Amino acid sequence: MLGPPPWVPLQQEKLKQEGQGFSYGLNWALAGKGVIVKDRAFYNLMVPELHQKGATVIESISGLPVLVRGRSRGASDFLKAQSSKLMKQICSHISSISNIYVYDGAIGSSPKCDAKVRVISDSPSAILSLSSVLWETPVHAVSHDSCPLTIYVGTSISLSVGSNISLDPKGHDGFIAADVERSSVILTGKAFADIVGVKEALTAVSEPIICARGGLPLSARLLVHGYDVVLLFAPEATIQSCKDQLVSADAGLIVSSEGTALLFPTGYSNGPSVYKIPAAIVLAASDSTGALPPSSKLTPEQAAYHFLAGYQNGTFTPVYSKGSSVNPLEIAKAFLAKLKDNQISCFLVNVSEGEKAPIGNEFMKLVQSTLFKKVPPFEPKGGYLKAKYQSFLSAKFPEIPEEFCF
């Protein structure tokens, strides 16, 4: 009977050493990220092992400052010089801790176009929390990746670290600092427990990598009807009112030639890792003036235009994202290409038409009737809203393609 290949025992011994905190290869890789291992670095510990090291479940918090540098449009929340100083301080802090903890995972459930992530932490509790935010990835996949992201966690670093570099995030429990250019996220204090903030930061730094690998990151939710997959773009309040009927309440999907992937795990193990290419998309706009019909069918060119605008009762949220790190116009162009290439049906619903905005089950009924009943082509009333769209989009995106239309 043949035994295992000769490399298997060597790999098993290597993993055993890393689990015990000794690995020259891991120490060398961490040094490349600015962290010098003082004593031991524990790699990819299982939950029981983390508990043995003192990990505890920390109560979730929310609302901590999320600072992002390197978004495609708009001013950064901090400067390059401040980012460099902050990186030096967090690396120096983690290097001063005897035992540090490393965890590898991924953003995106599709290995073809995900973003690999390495977490370097001074606390096992942070690893326990952040491991639920990331998809599992093969051992050492991060080491072999060309552009992995790095999360630095300093739970015991001084909370004055921000003010020391003229950065005032006003976070009493810590703050989150994401640098898209460096592909890094820094979490101080209890920031690792602010899951919403952590996901916002990880979305920002992962988008350029996902795009480079052929994925299209979208701030959408996934709706499954029978064998059909539907992408839903809607205001956050509307989404939260019906989140139990969605695959995930998190805003974040990746559409690629392989199918539709979730950015973050849902906590449920019964769904596929990659869903089918969408059969339809539904854009929810808010207009209380009566210019937009309750529901209508769009051409792909109209869908791309309304998607780029993200109109919500007088304000615009381009590509339905409050701060993409990729140029929204490029996202909209790629969105249009996906719609055309895959012959995806496109619809627009108005969630502010009438006296009472549809929420919860009423909103889902509106979506379902739009999808499964014959709705008329898009015909707005009057020309005011069209002019408003044109004024905003031509100023914001002067190079908008001519095929995009209202």
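The values are calculated or read from the model by the stated rules, or taken from the named source; none is laboratory data. Keep in mind that what you see is a predicted model, and the values were worked out from it rather than measured. So basically every Cβ, Gly included, is an ideal-geometry build from the backbone, and we count neighbours across all protein chains shown. Surface accessibility is based on the protein's heavy atoms, side chains included, excluding ligands, DNA and RNA. Shrake-Rupley method; radii C 1.70, N 1.55, O 1.52, S 1.80 Å.
Brief remarks on what is shown
- Under 13 Å, Cβ to Cβ, from Asn164 - net charge with Lys/Arg +1 and Asp/Glu -1: +1
- For Ala193, neighbours were defined as the other residues whose beta-carbon sits under 10 Å from its Cβ, and their charges (Lys and Arg +1, Asp and Glu -1) total -2.
- Extending 7 Å from the Cα toward the beta-carbon at both Ser158 and Glu181 defines two label points whose distance is 2.6 nm.
- At most 12 other Cβ within 10 Å, DSSP loop - GluC sites (Glu not before Pro), segment 311-399: Glu355, Glu399
- For a label point 7 Å along the Cα-to-beta-carbon line of Lys340, residues of segment 219-261 with backbone N under 19 Å: 255-257
- Proximal charge balance of Cys405 [Cβ under 12 Å; K/R count +1, D/E count -1]: -2
- Label-to-label distance, Ser394 versus Lys365, with points set 7 angstrom from Cα along the beta-carbon direction: 4.2 nm.
- Restricting segment 286-354 to trypsin sites (Lys or Arg not before Pro) in coil, as DSSP defines it, with at most 15 other Cβ within 10 Å: Lys322
- Dividing the mean sequence gap of close Cα pairs (under 8 Å, 6+ apart) by how many residues the chain holds gives a relative contact order of 14 percent.
- Once the Cβ-Cβ distance of Tyr227 and His172 is raised to the sixth power relative to R0 = 51 Å, the FRET efficiency obtained is 0.55.
- Applying 1/(1 + (r/R0)^6) with r as the Cβ-Cβ distance of Ser84 and Asp244 and R0 = 41 angstrom yields a FRET efficiency of 0.40.
- Linear extension gain, Cys405 paired with His51, 0.36 nm per residue minus alpha-carbon span: 121.8 nm
- Using a Gaussian network model of the chain in which every pair of alpha carbons under 10 angstrom is joined by a spring, one finds that among Gln89, Gln302, Gln390 the greatest mean-square fluctuation is at Gln390.
- Rough spin-label spacing in nm, given labels placed 7 Å along Cα→Cβ, for Ser96 and Phe22: 2.8
- Carbon + sulfur, % of accessible area of segment 254-406 - ligands and nucleic acids excluded, 1.4 Å: 51
- Dividing the C-alpha radius of gyration of the chain by 2.2 N^0.38 Å, with N its residue count, gives 1.07.
- Computed over the alpha carbons of segment 216-396, Rg followed by Dmax gives 15.4, 49 Å.
- What you get for the chain, charging only the Cβ of Lys and Arg (+1) and of Asp and Glu (-1), is a dipole of about 320 debye around the Cα centre.
- Anisotropy class of segment 20-213 from Cα gyration tensor, a/c 1.5 cut: rounded
- Sites Ser273 and Ala75, calculated FRET efficiency, Cβ-Cβ separation with R0 35 Å, nearest 0.05: 0.40
- For Gln312, the residues 5 or more places off, or on other chains, whose built amide H falls under 5 Å of its own are Ser286, Thr317.
- Available extension along the chain between Val196 and Ser143 is 16.4 nm, counting 0.36 nm per residue and deducting the alpha carbon span.
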